[in-house]
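Bear in mind that the values in this text are calculations on the coordinates, not laboratory data. Just so it is clear, the model here is predicted, and its values are computed rather than measured. Note: ideal-geometry Cβ built from the backbone for every residue, glycine included; neighbour counts use all protein chains shown.
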């Protein structure tokens, strides 16, 4: 199993209609039949008196995902350790006393609608990347830590991170702030999955990259999301409110001019870069009414123009491109 990517980005949904959707395509010949396995419900059945039975059951039915869960989520002990059963039982009982199993079952009595959305997204994925394998999918309980975990062949979905605003008290106790809590709802599941898939397939290569490189990378991820989820609201895919979406669209020129005038595009200062592409309630150098990650939005607009001007470039070609200056130049971007 290759290096695991942990992803915990979430968002709030606001409807955003589009009359001319250039990303909408016919994927009827690329249908997938993904079935999501519910590890969360099986986990809460764990009984220390029958620990060998349950551990064997988990290993047999959930295989590599169970290994991934222990290493990335549980992290207290491993099945081969003498104290594993005791620790896992304590973990399960603590959360059952707090009724988290009841809350998850109430909000997700089944996973049919989300499964349908996942299949639609991966039909698009199969269309654009026919040689890539479709991962196996599992739901899990994350103890309010992780939304999505992925490896080369697995996607795990932490259902407790998508319970919705009714559970704000639980999220506050887990120290998730207000703007993050507003995004912790089921509408974000498929968006978070595809975002994680993009990052897993096409990780950022430039550890010492400048702001422009970060902008273009984020722009490519958003372009990927549009291709995978053509009928999902833009505000949802951007993790924006409707007002933030409007602000970003109306202030493209101002954002671009500011970045250019301040000579920030080729800055490699990580703290400076984070101000413009890092997840936050808003973009701090601008007003508190601004959209978060304002430079990422410009990065997307550059990528969008680049693809419009280079119809011979496939989505896979785009995602593999690392020359941000070339993308900028050929985009002829001028907001």
How long, wide and thick is the stretch 5-201, going by the Cα atoms along their three principal axes, in whole angstroms, largest first? 58, 38, 27
Could you please state, rounded to a whole Å, how far the C-alpha centre of the stretch 177-209 is from the C-alpha centre of the stretch 36-61? 29 Å
Taking Cα atoms, the helix 189-201 axis meets the longest principal axis of the chain at an angle in degrees (rounded to 10) of 70 degrees
Simple spin-label estimate for residue 153/residue 97, 7 Å along Cα→Cβ, in nm, reads 3.9 nm
Please provide three numbers in whole Å: the alpha-carbon extents of the chain along the principal axes, with the largest listed first. 67, 44, 38
Listed peptides 166-176, 239-249 by packing density, highest first (mean Cβ within 10 Å): 239-249, 166-176
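So for the stretch 164-237, considering every pair of alpha-carbon atoms, how many percent are separated by more than 18 Å?
The answer is 53 percent, as a whole percent.
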dims of the stretch 211-331, Cα set, principal axes, largest to smallest, nearest Å -> 40, 33, 22
Between the Cα axis of helix 252-261 and the main Cα principal axis of the chain, the angle (0 to 90°, nearest 10) is 80 degrees
Rounded to the nearest 5, what % of the DSSP beta bridges within the chain are antiparallel ones? 45 percent
Once the Cβ-Cβ distance between residue 133 and residue 314 is put in as r, and R0 is 22 Å, what FRET efficiency do you end up with, to the nearest 0.05? 0.75
Within the chain, helix-based [θ] at 222 nm, where runs of 4 or more DSSP H residues each add -39,500 (n - 2.57), nearest 500: -14500 deg cm²/dmol
If R0 = 30 Å, then residue 53 and residue 279, at their Cβ-Cβ distance, give a FRET efficiency to the nearest 0.05 of 0.10
On Cα atoms only, tilt of 84-97 relative to the major axis of the chain in degrees: 80 degrees
Listed residues 263, 305, 45; largest mean-square fluctuation, Gaussian network over the chain with Cα springs below 10 Å, found at 263
I need the semi-axes of the equivalent ellipsoid of the stretch 98-217: take the C-alpha gyration tensor, multiply each eigenvalue by 5, square-root it, list largest first in whole angstrom. 27, 20, 12
